[in-house]
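Everything on this sheet refers to the single structure shown next.
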Amino acid sequence: MREENTAVTHPFLDLAPMGAAQFASIEDRVARLLDTRQDVVIMQGEALLPLEGAIRGTAGPGTTALNVITGPYGQTFGDWLRDCGATVIDLAVPFHTAVTATQIREALAEHPEIDFVSLVHAEAATGNTNPVAEIGEVVRAHGALFYLDAVASIGAEPVLPDAWGVDLCVIGAQKAMGGPAGVSAVSVSERAWTRMAANPHAPRRSYLSLLDWKTRWIDGGRRALLHAPAQLEMLALDACLARIEAEGLDSVMARHASAAAATRAGAAALDGGLEPYVYEAHEAAPVATTLRTPAGVTASELVARALAADPSLPLAAGGGALAKEMVRVNHYGADATPETVRRCLAALGSALTELSRSR
Ligand SMILES: *Cc1c(COP(=O)(O)O)cnc(C)c1O
């Protein structure tokens, strides 16, 4: 009998370890995607890792933060900031709109002591997007540090930390980039590094620490990694960046914009009608479209029916209380296509008809 080789080869296994040079080249690729000359740190965890690390690194008892809430993530950032001992001024707007640069300017004028502004660019959970370029001008004129969650915007619409004066810009690959969820990146300005270095409360020798990456990785010329990287996720991130470069970032963004426009128009035209949740089209995020169910139709029921017909569709009901009235069409990444939008709209249309018959 022939001897069986028990060490079966597998594409995920027995990979050569990822070295510092390859890791650094992936960081450089992220920097090109963001068109930034700032330092880019790739962190070995989901985007919540740099989102939390950047707040804990820069905020402390001496910080006064303007925390803009346009969806669920803004609420989380406010909790972290308070936990750091910062004084937090929340600026909340209804989730069906965006915040305006004027609202930010007024808040800064009312509280001149604000030295930190946190903002979510686009919110996949609520389907809105904020005018970061205009807001960036206002924040820079005031001199506050500008922290931006661009996880749901990168790949779907322009994200330009240098042009917009963003000091800490966090991205993840799992939405419009069509990549992995397990690693994420943040661009860090010189001002943000200075703030962190002067912050006695900034995490050090910690998985949350950006300063560790600064002192032990960047300042050492990116020659020695802090620990073994999440190799599969890093390879997947590199592959998704290569794929975006090959398609062209503008084309990727155009696919998302078309998918959003088609979803918005098509949903309103369905029999029974699904109105856009975000009233103004320019405030609607290209990454995902949120829709409002008509009176008497529960969004979670509608979505369950549509998914029963085709479980592969990128449909979800809103989270928490929004599950009653909000349908989310997550047309991002590989789903940012006319075909996926058409299938989503067809399934939602059939589900609407069934539900109205059964009533
Ligand atoms: C999706 C998203 C994240 C990352 O959260 P996951 O639920 O883990 O994908 C962070 N911020 C925003 C604004 C997001 O939309």
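The values are calculated or read from the model by the stated rules, or taken from the named source; none is laboratory data. Just so you know, these numbers come straight off a predicted model, no measurement behind them. In this analysis, Cβ positions are derived from the backbone assuming ideal geometry, glycine residues included, and neighbour counts consider all displayed protein chains. Side chains included, ligands, DNA and RNA excluded: accessible areas come from the protein's heavy atoms. Shrake-Rupley method; radii C 1.70, N 1.55, O 1.52, S 1.80 Å.
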Seminar exercise, completed: Counting only protein heavy atoms and rolling a 1.4 Å probe, one gets per residue an accessible area for region 33-97 in Å² of 34
For this session: Round to the nearest 10 and report in Å² the accessible area of Tyr279, as given by a 1.4 Å probe over the protein chains' heavy atoms.
Result: 130
Exercise. Computed over the Cα atoms of region 29-165, what is the convex hull's projected area averaged over all directions, in nm²?
Worked result: 7.7
For this session: Work out the charge dipole of region 248-358 with +1 on the Cβ of Lys and Arg and -1 on the Cβ of Asp and Glu about the Cα centre, then indicate which of Pro314, Ser356, Ala260 is farthest towards its positive end.
Result: Ser356
Problem set entry | Extension gain from Ala92 to Ala163, taking 0.36 nm per residue of separation minus the Cα-Cα distance | 23.0 nm
For this session: Evaluate Rg over Rh across the chain, taking Cα atoms for both radii and Kirkwood's formula for Rh.
Result: 1.01
For this session: Return the calculated 222 nm mean residue ellipticity for the chain, to the nearest 500 deg cm²/dmol, obtained by summing -39500 (n - 2.57) across DSSP H runs with n ≥ 4 and dividing by the residue count.
Result: -12500 deg cm²/dmol
For this session: Keeping the other protein chains in place, figure out the carbon and sulfur percent of the accessible area of the chain, with a 1.4 Å probe.
Result: 55
Exercise. How long is the gain from Ala197 to Glu113 if the chain were fully straight, where each residue apart is worth 0.36 nm and the alpha carbon distance is subtracted?
Worked result: 28.2 nm
For this session: Per residue of region 46-60, in order, report the coupling 6.51 cos²θ - 1.76 cosθ + 1.60 (Karplus, θ = phi - 60°) as ³J(HN,Hα) in whole Hz, putting x for Gly and Pro.
Result: 4, 4, 4, 5, x, 4, 6, x, 5, 5, 5, x, 10, 9, x
Exercise. Roughly how many Å² of Ser184 are accessible to a 1.4 Å probe, to the nearest 10?
Worked result: 0
Seminar exercise, completed: Taking 0.36 nm per residue of separation between Ser358 and Ala265 and subtracting their Cα-Cα distance, the length gained on full extension comes to 30.9 nm
Seminar exercise, completed: Phi angles of region 139-154, converted by Karplus (6.51 cos²θ - 1.76 cosθ + 1.60, θ = phi - 60°) into ³J(HN,Hα) in whole Hz with x for Gly and Pro, give 5, 5, 4, 7, x, 6, 6, 10, 10, 10, 8, 10, 4, 8, 9, 4
For this session: Positive end of the charge dipole of the chain (Lys, Arg +1 and Asp, Glu -1 on Cβ, about the Cα centre): tell me which of Val132, Cys240, Asn199 has its Cα farthest that way.
Result: Cys240
Problem set entry | Translational diffusion of region 126-270, µm² s⁻¹ [Kirkwood Rh, Cα pairs; Stokes-Einstein; 20 °C; 1.002 mPa s] | 123
For this session: For region 20-246, give the magnitude of the charge dipole about the Cα centre (Cβ charges: +1 Lys/Arg, -1 Asp/Glu; no others), in debye to the nearest 20.
Result: 620
Exercise. In debye to the nearest 20, how big a dipole does region 248-358 give about its Cα centre with +1 on each Lys and Arg Cβ and -1 on each Asp and Glu Cβ?
Worked result: 140
Problem set entry | Probe 1.4 Å, all protein chains present, accessible-area order of Ser187, Ser312, largest first | Ser312, Ser187
Exercise. Quick one: Karplus J couplings for region 269-280, per residue in order, coefficients 6.51, -1.76, 1.60, θ = phi - 60°, nearest Hz, x for Gly and Pro?
Worked result: 7, 5, 5, x, x, 10, 6, x, 6, 8, 4, 8
Exercise. Plugging the Kirkwood radius over Cα pairs into Stokes-Einstein for region 248-358, at a temperature of 20 °C and a viscosity of 1.002 mPa s, what D comes out in µm²/s?
Worked result: 156
